[in-house]
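A quick write-up on the structure given underneath.
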Amino acid sequence: MSEAEYYRIYRGFLDSVARASLLAWAMENEKKFEPSVVGGGNKHDPSVRTSLFVRDFGPVKTVLHRRLLDLVPTLIRDLRVTPFEPSKVELELVANNDGAFFERHIDMHIGATRRASDRLLSAVYYFHAEPKAFSGGALRLYSFGTKEDKGSFADVQPEQNTLLVFPSWVSHQVLRVSCPSRRFSDSRFNVNCWVHRCSNRTPSQV
């Protein structure tokens, strides 16, 4: 399926040195990963999301932060999002092993969970050890206005060294991962990225 108007894929996002450093950090720091949380807080709900995550992942985090910020003007143009000045970039490193999933949701904080800044752009950077030892784990992106039980969607596969980007108000879910070995090193790894702007107006597309 070709890329829809509401998402873009950028291949070869990191150079080989940065990608290898990120994978090495994950392998060497398995004990730092904790059960992933939902709702923009510290709540762990395995009926909604099952994976492991860490927010502080060493010097490579700085590389990713800079690379993503440099790309923001391109993302705004490609996704046809109303131009804005980034106020914050939020990152988390995630390991998805056998049975991992994340139910349908959006990344923007709304209502009581809304904060001083809004997530406007969501991005997922995918990487894994070679040879690949898992299957599944696609990100299902729903087109605007799609109901829970029907409508169109796109399943984006977690390809090595790719960055998937979409507006943070697009509904999406992570499909279940199969990793027969259950070894942490064989996980489907990704870095979740959110680009914020100060919450002073309503997000839109043009």
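The values are calculated or read from the model by the stated rules, or taken from the named source; none is laboratory data. These numbers come from a predicted model, not from an experiment. All Cβ positions, glycine included, derive from the backbone under ideal geometry; neighbour counts span all protein chains shown. Accessible surface areas use protein heavy atoms only, side chains included; no ligands, DNA or RNA. Shrake-Rupley method; radii C 1.70, N 1.55, O 1.52, S 1.80 Å.
Inside segment 43-124, counting only strands (runs of 3 or more DSSP E) that do not spill past its ends, which hold 2 or more residues that are open to solvent by 20 Å² or more (accessible area, probe 1.4 Å) and either among the aromatic types (Phe, Trp, Tyr) or at pLDDT 95 or above (or both)? Can you show your working first?
On the way: elements: 52-54, 88-96, 101-105.
Ranges flagged: 88-96, 101-105.
Being among the aliphatic types (A, V, I, L, M) and under 16 Å from residue 127 (Cβ atoms) narrows it down to one residue among 37, 94, 89; which is it?
Within the list 37, 94, 89, the selection yields 94.
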| request: Examine segment 129-139 for a residue that is at pLDDT below 95 and open to solvent by 10 Å² or more (accessible area, probe 1.4 Å), and state whether such a residue exists. | output: no
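Within segment 53-68, work out how many residues are among the aliphatic types (A, V, I, L, M) and without any contact (Cβ under 8 Å) to a residue 60 or more places away in the chain. Write out each step before concluding.
Keep residues of segment 53-68 that are among the aliphatic types (A, V, I, L, M), which gives 54, 60, 63-64, 68.
Next cut, without any contact (Cβ under 8 Å) to a residue 60 or more places away in the chain only: 54, 60, 63.
Total meeting the criteria: 3.
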| query | What is the residue count in segment 7-46 for residues that are under 17 Å from the mean Cα position of the chain (by Cα) and within 21 Å of residue 163 (Cβ to Cβ)? | reply | 13
